[in-house]
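One structure is given here, and the rest of the page talks about it.
The values are calculated or read from the model by the stated rules, or taken from the named source; none is laboratory data. Fair warning: this is a prediction, and the values are worked out from it, not measured in the lab. Virtual Cβ from ideal backbone geometry, glycine too; neighbours counted across all protein chains shown. Remember, those area values only see protein heavy atoms, side chains included, never the ligands or the DNA or RNA. Shrake-Rupley method; radii C 1.70, N 1.55, O 1.52, S 1.80 Å.
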2 protein chains.
Amino acid sequence: MTVTTLKPIGVVRSPLTSVDDAPRQGDEGAPDASIDLEPSVSDALQGIDVGDELVVVTWVHEARRDVLQVHPRDDESRPLAGVFATRSSDRPNPLGLHRVTVLGIAGRELRVGPLEAIDGTPVVDIKSALSS
Amino acid sequence: MTVTTLKPIGVVRSPLTSVDDAPRQGDEGAPDASIDLEPSVSDALQGIDVGDELVVVTWVHEARRDVLQVHPRDDESRPLAGVFATRSSDRPNPLGLHRVTVLGIAGRELRVGPLEAIDGTPVVDIKSALSS
């Protein structure tokens with residue numbers, strides 16, 4: 001199958017600087033963070049308001065792409081599970097999905113929370129969390 | 001920023017063959033479909049059971065990557081909105097997010113529904129829909 005290219009549209013700016021400090025999910029005590037958008041895509045923010053619910057898609061650049069099975073939540077007492085049955089960051093295409101609330105917008109900087117991605121994580125997409 | 005590569009992990013097999021026939025969202029009358037996984041990632045399905053709720057991430061290969069603003073739901077009476085404020089398929093990295101239920105598993109074929117992606121759409125990731 002063909003390989004496609006993913007162009008980062010922005011980057012996470014967060015007080016979290018290490019995977020070891022990051023909670024596993026946004027609702028497990030993650031901090032607020034900023035997304036610095038690339039200038040070339042700033043028009044795509046039009047209409048986003050404070051209070052909106054968004055899904056931020058990140059590229060988890062520190063994840064391992066060669067891992068197919070994990071112990072869920074690194075708990076070795078739990079049986080190995082395929083990564084597609086889990087939310088593990090390690091997977092063939094390490095995409096992270098994060099549901100966040102918009103806290104502020106200033107130019108190309110989107111303030112959101114909670115977000116468990118660490119500082120420097122590339123952002124590859126942002127969507128409305130609602131289907132319509 | 002660096003460009004990363006996305007390797008398809010499978011492909012959608014669906015009775016939907018044209019974007020014109022496809023509903024905009026899975027809950028708007030989409031059919032059931034199959035995902036044919038690549039042999040190299042079949043171990044990553046381990047532990048997925050019938051009835052599980054998954055998020056399937058597709059690469060919407062027919063989308064336009066140069067579109068930054070759209071009329072939501074192609075309704076020209078609605079003001080232009082940035083694609084990051086919408087669920088439009090057209091966007092810099094055309095990733096599709098689909099919440100589905102597992103209907104069956106046979107070897108490397110995962111039967112799921114509902115799924116609004118058309119036949120031949122590359123699948124790039126599968127995750128548990130639950131956070132834990």
For residues that are free of Cβ contacts under 8 Å to residues at least 24 places away in the same chain and either under 14 Å from the mean Cα position of the chain (by Cα) or closer than 25 Å to B:ARG73 by Cβ (or both), tally how many sit in the range A:89-132. 2
In the range B:9-24, how many are open to solvent by 20 Å² or more (accessible area, probe 1.4 Å) and within 11 Å of chain A (Cβ to nearest Cβ)? 2
Going residue by residue through the range B:104-116, is there one that turns out to be at the interface with another protein chain (Cβ under 8 Å from one of its Cβ atoms) and either in a strand (DSSP E or B) or open to solvent by less than 80 Å² (accessible area, probe 1.4 Å) (or both)? no
Scanning for something open to solvent by less than 50 Å² (accessible area, probe 1.4 Å) and within 8 Å of another protein chain (Cβ to nearest Cβ), does the range A:26-36 turn up at least one residue? no
Closer than 30 Å to B:GLN69 by Cα, among the acidic types (Asp, Glu) and within 11 Å of another protein chain (Cβ to nearest Cβ), is that true of A:ASP43? yes
In the range A:48-83, what residues are under 26 Å from B:SER88 (Cα atoms), touching a Ser or Thr at 6+ places or on another chain (Cβ under 8 Å), in a loop (DSSP other than H, G, I, E, B) and within 10 Å of chain B (Cβ to nearest Cβ)? A:ASP52, A:HIS61
Selection within the range B:90-132 - over 20 Å from B:ASP36 (Cα atoms) and modelled with pLDDT of 95 or more: B:ASP90, B:ARG91, B:PRO92, B:ASN93, B:PRO94
(1) open to solvent by less than 30 Å² (accessible area, probe 1.4 Å); (2) more than 10 Å from chain A (Cβ to nearest Cβ): which one isn't true of B:THR101, the others all being true? (1)
Would a scan of the range A:84-92 turn up a residue that is within 7 Å of another protein chain (Cβ to nearest Cβ), part of a loop (DSSP other than H, G, I, E, B) and open to solvent by 30 Å² or more (accessible area, probe 1.4 Å)? yes
Which residues, counting only those in the range A:1-30, are at pLDDT 80 or above and either assigned to a helix (DSSP H, G or I) or within 20 Å of A:ARG73 (Cβ to Cβ) (or both)? A:LEU16, A:SER18, A:VAL19, A:ASP20, A:GLY29, A:ALA30
If I filter the range A:31-42 for residues that are assigned to a loop (DSSP other than H, G, I, E, B) and either hydrophobic (A, V, I, L, M, F, W, C) or over 18 Å from A:THR121 (Cβ atoms) (or both), do I get at least one hit? no
Scanning the range A:43-83 for residues that are polar (S, T, N, Q) and open to solvent by less than 40 Å² (accessible area, probe 1.4 Å) gives A:THR58
Would you confirm, using the coordinates I've provided, whether B:ASP125 is open to solvent by 30 Å² or more (accessible area, probe 1.4 Å) and either more than 9 Å from chain A (Cβ to nearest Cβ) or among the charged types (D, E, K, R) (or both)? no
